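A short write-up of the structure that comes next.
The values are calculated or read from the model by the stated rules, or taken from the named source; none is laboratory data. Just so it is clear, the model here is predicted, and its values are computed rather than measured. So basically every Cβ, Gly included, is an ideal-geometry build from the backbone, and we count neighbours across all protein chains shown. When the accessible area is computed, the model is the full protein with side chains, heavy atoms only, and any ligands, DNA or RNA have been set aside. Shrake-Rupley method; radii C 1.70, N 1.55, O 1.52, S 1.80 Å.
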Amino acid sequence: MALPFAQSRRSTVGIEWELALVDADTGDLRQVARTVLDALAGPDGAPHPHVHQELLLNTVEIVTGVHEQVGAAGRDLRRSLDEVRDVTGPLRVELMCAGTHPFAQWDHQKVTDKERYNTLIDRTQWWGRQMLIYGVHVHVGIEDRAKVLPIMRAVLAYFGHLQALSASSPFWGGKDTGYASNRALMFQQLPTAGLPFRLEEWADLERYTDDMLHTGVIDDFSEVRWDIRPSPRFGTLEVRICDGTPTLSELLAIAALTQCLVEHFSSELDAGRDLPDLPQWFLQENKWRSARYGMEAILILDAKGGEDLVTTDVRRLLRLLEPVAARLGCTEELAGIETILRDGASYQRQREVARRNGGDLQPVAFSLVEEMHAGRPLL
């Protein structure tokens with residue numbers, strides 16, 4: 001089948017941010033998404049253009065428009081946050097984001113009454129019902145369809161870097177999992193989720209899509225839930241690796257890093273240079289290492305099996321991307337990655353709050369709420 005790829009301006013950026021709705025007094029999840037979305041609807045009942053429904057009634061997603069610069073996308077997100085808070089404040093509901101909620105129970109959550117989601121739960125059963133997880137998606141425009149798959153393979157070589165920096169799901173159902181990102185390994189249990197297959201040509205992606213549609217695995221390409229995927233409808237590469245990000249400053253840092261990576265690899269293709277391309281078995285191992293060890297992960301960096309500590313290689317990467325960030329106007333946002341390296345990722349901060357409170361995870365939820373308000377890490 002033909003899979004058209006929409007026209008998109010090069011290296012434009014858009015962000016999707018999944019937010020948990022939590023009780024202001026207990027820190028537990030609240031099932032009020034429908035109330036929030038109805039209050040934000042237009043006079044004719046049309047849904048809010050930047051606040052969307054998600055799988056569970058404890059979640060809303062805010063999305064940006066298409067922007068040249070990450071900073072402009074950040075201003076979009078701030079406006080939407082303010083609008084949502086105007087509704088949630090009187091309900092005694094706060095906003096929170098992390099890859100998982102520290103102590104909420106998955107079997108207490110309600111699924112949105114939408115056929116798409118009901119079909120997903122009916123098919124996936126136990127695993128689908130456990131998708132009490134939150135993520136961030138960053139779209140970056142690619143102007144030429146022939147570039148999409150080579151750039152996707154190159155960004156995969158930095159999968160572990162993005163996952164370690166964003167890791168924010170150490171707890172699950174009130175227990176410490178021992179992982180920096182428990183979300184990463186949970187989400188891949190769904191059909192069509194996880195690392196993408198290695199595809200050489202766009203025709204390979206079209207054959208894959210045709211096979212999945214023919215056999216009833218999917219009804220639409222959007223149901224391909226890979227950690228990185230082309231988004232033919234928007235003409236972008238959609239990077240879906242990252243855990244839910246607790247603060248706007250960290251989110252914009254991650255988005256800037258993603259935008260810079262895509263633009264750098266696009267320029268390398270223009271110059272006729274080869275892009276990074278790791279074997280599938282190394283990619284799989286890097287995903288596990290970064291999910292397990294986060295900022296302490298030793299990652300496989302090249303096809304020869306060279307390795308280094310993720311934080312060391314991130315610093316090398318930042319130096320490489322400095323001129324790219326200057327060109328894209330996101331130098332300030334990219335500098336936020338240095339802050340994460342210095343002060344720690346969210347999973348580390350969450351564990352420190354738990355340690356200070358004798359293992360009680362309610363203060364962890366409240367600390368995430370406070371960070372969301374502050375827009376920056378507080379430890």
Counting only residues that are small (G, A, S), surrounded by fewer than 22 Cβ atoms within 10 Å (Cβ to Cβ) and closer than 29 Å to E268 by Cβ, which one in the range 314-372 is farthest from the chain's Cα centre (by Cα)?
A326
Of these, L283, L299, which one is outside any helix (DSSP H, G or I), open to solvent by less than 70 Å² (accessible area, probe 1.4 Å) and in contact (Cβ under 8 Å) with a residue 60 or more places away in the chain?
L299
Please determine whether any residue of the range 40-49 is among the acidic types (D, E), closer than 27 Å to I121 by Cα and modelled with pLDDT under 95.
no
